[in-house]
Structure formats: C-alpha cells, structure tokens
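Please treat every number below as a calculation from the coordinates, not as lab data. This one's a predicted model, so the numbers in the text were calculated from it and none came from an experiment. Glycine gets a Cβ as well: all are built from the backbone with ideal geometry, and neighbour counts include every protein chain shown.
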C-alpha cells in the first residue's frame, strides 16, 4: 500500500486529489495538510511514502516546506505547480531541492476539461515515486570534468555575450543529442556544468516538460554552465559550445540549409510514445543530417521508452551511444529499454557521462 499525504491550501484541491488517489486499491491518503508547517510536522509523525505538495501556500510555502522535509525526513515529493512563468521558475528550483517530479496544477476553470489526464498523470507519478530511492533525489551534483581535465570554469557571462564571441560562431563538426525525462533537470545540472566551454559539438536536448518550464530550465542551466544553454527557437543555427533545449509541446529537428549550415526546426507533428517533444523524433533527425562519426546520442533517466528505438538505429548506423546506469537513474526506464533493444555502446554512471562524451569527441 502506498501511503500518501496531500498538501494544498485549497480545500477543493485537497478533496479532489484525495478522491483521485483513494479510487485506487494500492493507494491510501493517510493525511492532508493546508500549509507547509503542517506538512513538515505530519511528514515526521505520519511517515508517508509520497507527498503531493502545493507551491503557493500561506505561512510556509511549498519550497520552504520542501527544504525542511528533505532535511528532516527525506521522502518522495510531487510538486503541484501553476502554469505560469513564475510557477515554472519555482518548479525548477523545487527539482534542485530534491522533489521527485511535478504536476501542472489546473485552475478552477480548466479542471473539468482535463481531469482525466491530470488523474492519470498523478497516479503514474505516485506509483513511480514509491519505488524511487530518495537518496538519488538529495545527492549533490559533482564536478568531474574540471577536476580530471584541468578545465577552468570561467565566470559566467550572459548568453548574448557568449554568442558574440567569434569562437562560438563556428559551426560544430559533431552533434550530441540527449533524451531525458523524470529526474532530468537535476541530472542535467550534474552533467552540463562539466562540459568544457570549448567543446567541438553542438548539443540538442529533449527533456519531457510542458511549455514555460523548458524555458525556465534552460535559463537556469545557462546560469550554471560554461557552455551556453537556451530554449531552442525556429531557425537557430547549431553552434559548438551551445546546448539547445526543445521547447515544451514542440518536436525539435535538424535541417540543412542551402549553404550547408545545420539549423533547428520546430513543429507540432503528432506525439511519439505520447511525447512532444520526443527523443525518438530528435534522434531520427540527427541520424538523417549527420554522418555516423559525427553523432553521440545519450539516453538518461526517465519513465517509458521514448528514444530507445531511435538510439538503437543510431548505433546500427555507426553513431556512438551512451546510456545512464541503473544505480544513478531516478527512474530506470528509458535507458533500460534502450539497453534491452541493444542500443547502447556505453553504460556509465551519471557523473561520468561528461567524461565519456569528451573521450568520444577526441
């Protein structure tokens, strides 16, 4: 039985979430709380397996409560986030602090329109979170590349200033394509800051997230990394030393221009494996536009099997492929299926992925 605590300052939301969960025979709501202070106290007293936690609450808000929960009795927390720019920023912060994942919180006007999807997503997250090792959620990112390769991390400048540097205006010889989902934001904060600023490759990233959240994620990564990171836009030239995060609800693909430049194109074609953006779609596009020795594809923590089919085809094509190890994945889904398909050349721990990429680029 999965024991859940529901935390929200709205009586309506507490009742709605409780009703969704208690329909299921394997889930029991053992407590509810109307603010962060109650949540902190009840987490210690009731010892839930999973907590659903609202962000905007009186007295102690969700972020402050999350910090205390992870410090006093770490458990798996699913944040309920508003679909606003500010809500997206706070959600990215919550994932840094150790939240398992988040669910976009519908407002009162739209709840009746997407109640079935909200319920299905919530149940999947609760059941998946139950089996996660909370130690993976609170572990601190480690700096690997700069220590092992003597790479000096320069003081971060603005993305615009980096873009103006001549060295970064050159088109890359190679491409790194990363597919990632649940547990991804924190994993990306572990590997991308350890990518050297002078890497001879562009980086494409599919992180399963809704619109607005991908922009906040890209902005946060740009603050942390020596390379430039941005949410991808239609027509962006793929430059070395830059990572481009697919915007929520858009597939990201590569096309070649008449003057042989590689640029990003975005579309709202049908979902693949239920996802848009899709790692499969991105990997397919990379395979079409790059030669085998120019491709490094990486598949990381996440539920489901998005990317597994296409990364196998990249390996068959002759590109190099990397999968994140089971022991370092928050959810060992996408890399597991890729391994089962025979799609991985290398399986490495999260902290070693930057090193493996650098080795393959030599």
Residues 306, 219 arranged by fewest to most Cβ contacts within 10 Å: 219, 306
When only Cα pairs under 8 Å and 6 or more residues apart are kept, what is the percent relative contact order across the range 2-138? 22 percent
Between residue 46 and residue 269, what length comes free when the chain is fully extended (0.36 nm per residue of separation minus the Cα-Cα distance, one decimal in nm)? 75.7 nm
Restricting to the range 145-361, compute how many DSSP beta bridges are antiparallel as a %, nearest 5. 25 percent
Distance between the C-alpha centers of the range 6-25 and the range 225-257? Whole Å please. 39 Å
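Once you sort the root eigenvalues of the Cα gyration tensor of the range 2-138 as a ≥ b ≥ c, which label holds: rounded (a/c under 1.5), prolate (a/b larger than b/c) or oblate (the other case)?
Because its axes are fairly even, with a/c under 1.5, the range 2-138 counts as rounded.
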Relative contact order of the chain, pairs being alpha-carbon contacts under 8 Å that are 6 or more residues apart, as %: 12 percent
If you rank 91, 301, 32 by fewest surrounding Cβ atoms within 10 Å, what's the result? 32, 301, 91
Using only helices, what value at 222 nm comes out for the chain when you add -39,500 (n - 2.57) per DSSP H run of length 4 or more and divide by the total residues, to the nearest 500 deg cm²/dmol? -10500 deg cm²/dmol
For helix 213-224, what angle does its Cα long axis make with the longest principal axis of the chain, in degrees from 0 to 90 and rounded to 10? 60 degrees
Quote to one decimal, in nm, the extra length available between residue 224 and residue 361 on full extension: 0.36 nm per residue of separation minus the C-alpha distance between them. 47.1 nm
For a quick check: sort 117, 89, 287 by the number of other beta carbons within 10 angstrom, fewest at the front. 117, 89, 287
Just check the range 145-361 against the gyration tensor rule for me: Cα atoms, a ≥ b ≥ c as the square roots of the eigenvalues, rounded for a/c under 1.5, and otherwise prolate or oblate depending on whether a/b exceeds b/c. rounded
Using a Förster distance of 41 Å, how high is the FRET efficiency between residue 30 and residue 347, based on the Cβ-Cβ distance and rounded to 0.05? 0.60
